[in-house]
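Below is one structure, written out as C-alpha cells, with a few remarks after it.
The values are calculated or read from the model by the stated rules, or taken from the named source; none is laboratory data. Note that this is a predicted model, so its numbers are computed, not measured. Here the Cβ positions follow ideal geometry from the backbone for every residue, glycine too, while neighbour counts run over all protein chains shown. The area values use the complete protein model at the heavy-atom level, side chains included, leaving out ligands, DNA and RNA. Shrake-Rupley method; radii C 1.70, N 1.55, O 1.52, S 1.80 Å.
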Amino acid sequence: MSVTAFAPETEERLAVARQVADAVLFEGYVLYPYRASAAKNRLRWQFGVLVPPAWGAACEEHDFQHTECLMEPRAAATLAVELRFLRARRRTVQQARPDGGFDTVAELRLGDRILAPWDEGTEERIEAVVPVDELMGDGVTIPFERPAGEDSEPILDDAGRLVGRTVRRYEEISGALRLSACELDGPYRALRLTAVVENTSTWTPPDGRAADRDAALPRSLVASHLLMGLSAGSFLSMTDPPEWAKGAIASCRNLHTWPVLAGEPGRADVLLSSPIILEDHPAIAPESPGALYDATEIDEILALRTAALTDEEKREARGTDERAAAVIDLADSMPPEVLERLHGAVRSLREVTGSAPAPAATGFPDEYGVRRPDTPWWDPASEAGFDPGHDRVVVEGRSLGAGSRVLLRPGLRRTDAQDLFLMGRTAKVEAVLHDVDGAVHLAVTVEDDPGADIRREQGRFLYFQPDEVTPLEDGA
C-alpha cells in the first residue's frame, strides 16, 4: 500500500471529479445572508458529519459512512482513494488592551469588516494507492489522526495599528479508512468494494454529561466523502447497471453516503461517494460564476439578494469568513451579461432538420408571425387519434391502458430521491399520454396511497415512461 502522491494521470482524472466534490465539501458551509449572526448560520455543518462515537451514540448522529459498489478491475489494477473532509477550526476574536494584553470580545469593528467568533472549515485529505489484490479478504485499514493546536493572527486597522488578534484552536481528531473487496459469483470478474470511513476519537463529553453539538464538532469529520479511481477497469453505475449486475447492485449497503460515477462523461473509472444524493457524472453548471455555498436558492436570485444587502450587512459578512467575503465581492462585481446568463438555460434542445410544416388555418402564428391570444400553443384534444383514457401501449409484450396494474421500477435514467421510495410499489394506470416530442407517459396512482382517490379526482398523477414499469396480472 502506498500513501504517497497520486500519479499524474490519476491526479488528472480525479481533478475533474473534484470540481463537484468541492461543491459537496462546502455545501451549506455559510448560508445567505452570509453573516455569523444570522439564525440559519448558527447550526453548522449539515451534511456528512461523522461525530465522535461516544457523543453520536447519545445524540443519534453518525460516526461512520459505509459505501458498497461494484467494480470490474483489470489485471494488476490499483485503487486510488482520497478521503476528503473539513476540520472545524474555532476562531475567537480578541481586542488589544493598552497594557499589551488582549480581551475576548463578541465582535471587533474595522473599516471594511466586522469580525466575530466563527467555526472555520479547513480541508483535510487522506490519500492512498492500494493494489486491488491487497483488498481481497480482510483488506487494508488506513488510520489517521491530526493533533490539537492553536495559532493566532494580528488584526491591524487601516492605519496599520494593532487593534486585536484572532485565535484559532484545533482539537485532536482521529479516524480510519477501511477498504476491502470480495469476488462475486458468476461468469463475470466483478468485485464488491467496501469502503468504511470511521471517526475513532476517544473523546467523551466532560464528566459524563451530554455536551452540546458545538463541543463535538471540532472533533468531527465534516462533509466527509470519498473519491476513488481505478488505474485499469471500471465501476458499475448504481442506478443504471447492466442486466447481469442488477441483483448484486440491489444488495449493496450504502449507509449515510451514496456512490455515483464521476469525472468525465462516458468514463466509469472514477467514483464519488457523497453524503448528498447525486446522479451519475454530476457537473457544475457552466453558467455558474462561482461558489455561493447555499444550494437552497438558484444562483440568479441569490446573487441579486446578496448584492442588495446593506453596507453594514456586507461588512459583517466579510468579517464572518473569507469565503463569505468572496461571495459579497462576486455579487458586487458581477457584470450584467454574466447575471443574464443565470436567468436560465435549456439543455435538452434537439437539432431539427427539414422544413417546418405550414401552420394550420386555425393555428398560429398568422401570416405576419403574430400569435393569436385565443389559441393554445398545443391542444391535446385537437390531435386526432389521441385519447388518454382509451389509448394503450405495449410493455414487455402486454398491452397497458387505463385500469392496468403495474409494478414501479423507476430510475433507469433519471431517478431522484422521491423515486427511490416508489421502487417496487404497485400502481394503477389512469391514462396513456403522448407528448409533443412523441414520447409516451403513463399516468398512475399508487395503490396503497390513502390519497389516491383525491389525486384521481384532481388529476394529479405520477408519471412514468413505459420502461420504468413492469406489467402485473389484474389479480396479482
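When only Cα pairs under 8 Å and 6 or more residues apart are kept, what is the percent relative contact order across the chain?
On the way: 920 pairs, mean separation 80.6, N = 476.
So the answer I get is 17 percent.
What size of dipole, in debye to the nearest 20, comes out for the chain about its Cα centre when the only charges are +1 on Lys and Arg C-beta atoms and -1 on Asp and Glu C-beta atoms? Can you show the working numbers first?
Values: 51 positive and 81 negative charges, 153 e Å.
Dipole size: approximately 740 debye.
Would you list Met71, Met334 from the most to the least accessible area, probe 1.4 Å?
Working: Met71 0, Met334 35 Å².
I get Met334, Met71, largest accessible area first.
Just how much of Trp244 is accessible, in Å², when a 1.4 Å probe is used and the result is rounded to the nearest 10?
Taking all protein chains as shown, Trp244 has close to 90 Å².
[x] 32, 25, 23; [y] 36, 27, 19; [z] 47, 34, 22: which one is semi-axes √(5λ) of the Cα gyration tensor in Å as calculated from this entry?
Working out semi-axes √(5λ) of the Cα gyration tensor in Å from the coordinates points to [z].
Mind ranking Ser251, Ser234, Ser274 by accessible surface for me, highest first, 1.4 Å probe? Numbers along the way, then the final one.
Values: Ser251 60, Ser234 35, Ser274 0 Å².
Putting Ser251, Ser234, Ser274 in descending order of accessible area: Ser251, Ser234, Ser274.
Among residues other than Glu316 whose Cβ falls under 9 Å from its Cβ, what is the net charge (Lys/Arg +1, Asp/Glu -1)? Could you put the intermediate results ahead of the total?
Numbers: positive: Arg35, Arg113, Lys314, Arg315, Arg318; negative: Glu107, Glu312, Glu313.
Its environment carries a net charge of +2.
Quick one: accessible surface of Asp212, probe radius 1.4 Å, all protein chains present, in square angstrom to the nearest 10.
90 Å²
Is the stretch 209-316 best put as rounded, prolate or oblate by its Cα gyration tensor, with a ≥ b ≥ c the root eigenvalues, rounded for a/c under 1.5, and otherwise prolate when a/b is larger than b/c, oblate when not? Don't jump to the answer; show the numbers that get you there.
Values: a/c = 2.87, a/b = 1.53, b/c = 1.88.
Judged from the Cα gyration tensor, the stretch 209-316 comes out oblate (a/c at least 1.5, b/c at or above a/b).
Sort Leu278, Leu83 by accessible area with a 1.4 Å probe, largest first. Walk me through the intermediate numbers first.
Numbers: Leu278 45, Leu83 0 Å².
Of Leu278, Leu83, the descending order of accessible area is Leu278, Leu83.
If you plug each phi of the stretch 453-464 into the Karplus form 6.51 cos²θ - 1.76 cosθ + 1.60 with θ = phi - 60°, what whole-Hz ³J(HN,Hα) values come out, in order, with x for Gly and Pro?
Running phi through 6.51 cos²θ - 1.76 cosθ + 1.60 with θ = phi - 60° gives 4, 5, 4, 5, 5, 8, x, 9, 9, 9, 10, 9 Hz.
Taking the dipole about the Cα centre of the chain, with the C-beta of Lys and Arg at +1 and of Asp and Glu at -1, give me whichever of Ala326, Gly389, Val260 is farthest to the positive side.
Ala326
Whose amide H sits under 5 Å from the amide H of Val395, counting only residues 5 or more places off or on another chain, with H placed in the peptide plane?
Leu400
Pull out a ≥ b ≥ c, the square roots of the eigenvalues of the alpha-carbon gyration tensor of the stretch 11-64, then state rounded if a/c is under 1.5, prolate if not and a/b is larger than b/c, and oblate in the remaining case. Kindly include the intermediate steps, with their values, before the conclusion.
Working: a/c = 4.35, a/b = 1.20, b/c = 3.64.
Verdict is oblate for the stretch 11-64.
With each label point set 7 Å from Cα along the Cα-Cβ vector, what nm distance links Ala250 and Ala291?
4.0 nm
For labels at Tyr463 and Glu279 in the simple 7 Å Cα→Cβ model, what's the distance in nm?
It is 1.5 nm.
Arranged from highest to lowest average of other beta-carbon atoms within 10 Å per residue, in what order do the peptides 219-225, 287-293 appear? Walk me through the intermediate numbers first.
Details: 219-225: 26.7, 287-293: 16.6.
The densest-packed peptide leads the list: 219-225, 287-293.
Cβ under 11 Å from Ala181's Cβ, Ala181 left aside: what net charge do those residues give with Lys, Arg +1 and Asp, Glu -1?
Residues close to Ala181 contribute a combined charge of -4.
Kindly identify the stretch 1-142 as rounded, prolate or oblate by the Cα gyration tensor criterion: order the square roots of the eigenvalues as a ≥ b ≥ c, call it rounded if a/c is under 1.5, otherwise compare a/b with b/c, prolate if a/b is larger, else oblate.
Working: a/c = 2.54, a/b = 2.16, b/c = 1.17.
Judged from the Cα gyration tensor, the stretch 1-142 comes out prolate (a/c at least 1.5, a/b above b/c).
Please give the net charge around Ser220, taking every other residue with its beta carbon less than 15 angstrom from that of Ser220, where Lys and Arg add +1 and Asp and Glu add -1. Working shown, then result.
Working: positive: Arg44, Arg84, Arg87, Arg89, Arg90, Arg146, Arg169, Arg213, Arg219; negative: Glu60, Glu61, Asp63, Asp119, Glu120, Glu123, Glu124, Glu145, Glu171, Glu172, Glu198, Asp212, Asp214.
For residues surrounding Ser220, the net value is -4.
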